[in-house]
Amino acid sequence: MRHLIDILDLTTAEIDELIETANDIIQNPAAYAHKCEGKKLAALFFEPSTRTRLSFEAAMYELGGHVIGFSDAGNSSSAKGESVADTIKMIGCYADIAAMRHFKEGAPLVAAMRSDIPVINAGDGGHNHPTQTLTDLLTIKREKGHFDGLTVGFCGDLKFGRTVHSLITALSRYENIKFVLISPQELKVPSYVKDLLKDKGLTYKQTTDLDSVMPELDILYMTRVQRERFFNEEEYLRLKDSYILTPEKLKTAKEDLRILHPLPRVNEIAVAVDDDPRACYFRQALNGKFIRMALILKLLEEAGK
Amino acid sequence: MTIDSIKNGIVIDHIPAGKAMLLYQYLKLDGLECSVALLKNVPSKKMGRKDIIKLDEVIDLNWDVLGYLAPDCTVNIIREGEEVEKKRPELPERLVGVIACKNPRCITTIEQELPHIFKLANRQKGTYRCLYCESKA
Ligand SMILES: [Zn+2]
């Protein structure tokens, strides 16, 4: 049984295929409107995440399928002490595929090890969120046409940002990508991410200064810098503005820069940036639905359903 | 300091200094009936200081534990006063039920019946990561 727990469960060829399918769905939605007729997706959200759940639900509905499930652990059997393995066994009796969000890291893998239906990891704690990474990849591909040779900047909280780690891991498999890691000292990428880049001989540079690297970037992936991540208030106040993207800061950027953000944003991108054609975070959110449609189709097909 | 030479048994040599007690626990040697000798801080040409464990019976050792805790140790099997075999452990690909995951966000913290499994993440560095949450051991 094929699942998606970690972005590296997919080869780059398979990611290309998913992107191709998603592009085809965007071009020709009617052709996909009945593909999952009579099929059920179980949305197992042990932790609430309205955004991700809506994206999965919309994806399944647009394929003509149905959605069952729950949206927080209080409503689920785990509140009564049922194990993840038992939950997925039971769900497998009713649904054809499952998307699982869990507050504990590794829960979707535990489910996948015991499941009779494909399991999609819809986010497990601070660990993995592969459909967000697929969304990011589809967005970069649609906006830039390719991955190879891009200079990709990541800005903000690079220490705790799982979407950042996962996207860096995914992009590290393409040719000649240059990584620019922009963060305060306290929030630099963890050593395992740097080790990965070093082991693969990839070019990366670390800086605390967004302005100085802005002109080089093809992609700028923004994340939120949270106050509680700082050791002291002074540091936070000194640094917070340097990681807020404004029209002023974009003056030195390339004409064809693309700005991504996994959303929700708080204040790290000024609202005035939204009208800039280089901002594509809302298109990115829409792409999330299309890549999830492509993924559901692929996993159901491989499961012979 | 001298310890009686062993007639039939096992000598685990070249244990990093200070690790013998840990090996004693993880190899569950406290459950044995035979004599067990722990030597700590023995001078060694190769290592400066080392620990040694001697058992006067040939038992089945947990090689995963040895490979994980003391990958450079040597295990000498002694029969009738002669060293008949000299083995070195290998880094195990997987460690099952040897160590527990310390990540408070790991699924193993709420599902007690799940086996704690670690996989070898980097052979050169000998690092292990939790199968479920990928936290470093
Ligand atoms: Zn763990």
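Rule-based calculations on the coordinates, nothing more; no lab input. Just so we're clear, the structure is a prediction, and the values are computed from it rather than from any experiment. Cβ atoms come from the backbone with ideal geometry, glycine included; neighbour counts cover every protein chain shown.
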With the charge dipole of the protein assembly as shown built from beta-carbon charges (+1 for Lys and Arg, -1 for Asp and Glu) about the Cα centre, the Cα from B:GLN25, A:ALA285, A:THR21 projecting farthest to the positive end belongs to B:GLN25
Going Cα to Cα from A:LYS249, which lysines come in below 17 Å? Please leave out same-chain ones fewer than 8 positions away.
A:LYS240
Cross-link list A:LYS305/B:LYS136; B:LYS40/B:LYS125; B:LYS7/B:LYS119; B:LYS28/B:LYS86: which exceed 30 angstrom alpha carbon to alpha carbon?
A:LYS305/B:LYS136; B:LYS7/B:LYS119
Nitroxide proxy distance, nm - points 7 Å out along Cα→Cβ at A:THR12 and A:PHE282
3.4 nm
Roughly what angle does helix A:12-27 make with the longest principal axis of chain A, taking Cα atoms, 0 to 90 degrees, to the nearest 10?
80 degrees
Sorting A:LEU263, A:ALA58, B:SER135 by the position of each Cα along the dipole of the protein assembly as shown (Lys, Arg +1; Asp, Glu -1; all at Cβ), the one nearest the positive end of that ordering is B:SER135
Please order A:THR246, A:THR87 by the number of other Cβ within 10 Å, starting at the fewest.
A:THR246, A:THR87
Compute the normalised compactness of the stretch B:2-116: alpha-carbon radius of gyration over 2.2 N^0.38 Å, N being the residue count.
1.19
How far, in degrees from 0 to 90, does helix A:162-171 lean away from the longest principal axis of the Cα atoms of chain A, to the nearest 10?
90 degrees
Report the net charge of residues surrounding B:LYS46, where surrounding means a beta-carbon distance below 11 angstrom and charges are Lys +1, Arg +1, Asp -1, Glu -1.
+1
Pop the C-beta distance of A:ALA303 and A:ASP195 into the FRET formula with R0 = 35 Å and round what comes out to the nearest 0.05.
0.50
At R0 = 60 Å, FRET efficiency that the Cβ-Cβ distance of B:VAL96 and A:SER212 yields, to 0.05
0.75
So what's Rg/Rh here for chain A, counting alpha carbon atoms and using the Kirkwood radius for Rh?
0.98
Fewest first, what order do A:ILE120, A:ILE269 take by the number of other Cβ atoms within 10 Å?
A:ILE269, A:ILE120
Give the Rg/Rh ratio for the stretch B:83-137, taking Rg as the radius of gyration of the Cα atoms and Rh as the Kirkwood radius, to two decimals.
1.12
Show that you can apply the helix-only estimate: for chain A, add -39,500 (n - 2.57) for every DSSP H stretch of four or more residues, divide by all residues, and state [θ] at 222 nm to the nearest 500.
-11000 deg cm²/dmol
What residue among A:SER183, B:LEU114, A:ILE88 has its Cα farthest toward the positive end of the dipole of the protein assembly as shown, where the charges are +1 on Lys, Arg and -1 on Asp, Glu, each on the Cβ?
A:SER183
Using the Cα centre as the reference, give the magnitude of the dipole from point charges on the C-beta atoms of the stretch A:131-282 (Lys, Arg: +1; Asp, Glu: -1; all else neutral), rounded to the nearest 20 debye.
440 debye
Helix A:130-144: inclination vs chain A longest Cα principal axis, degrees, rounded to 10, gives 60 degrees
Please give the Cα centre distance for the stretch A:260-300 versus the stretch A:1-33, rounded to the nearest Å.
16 Å
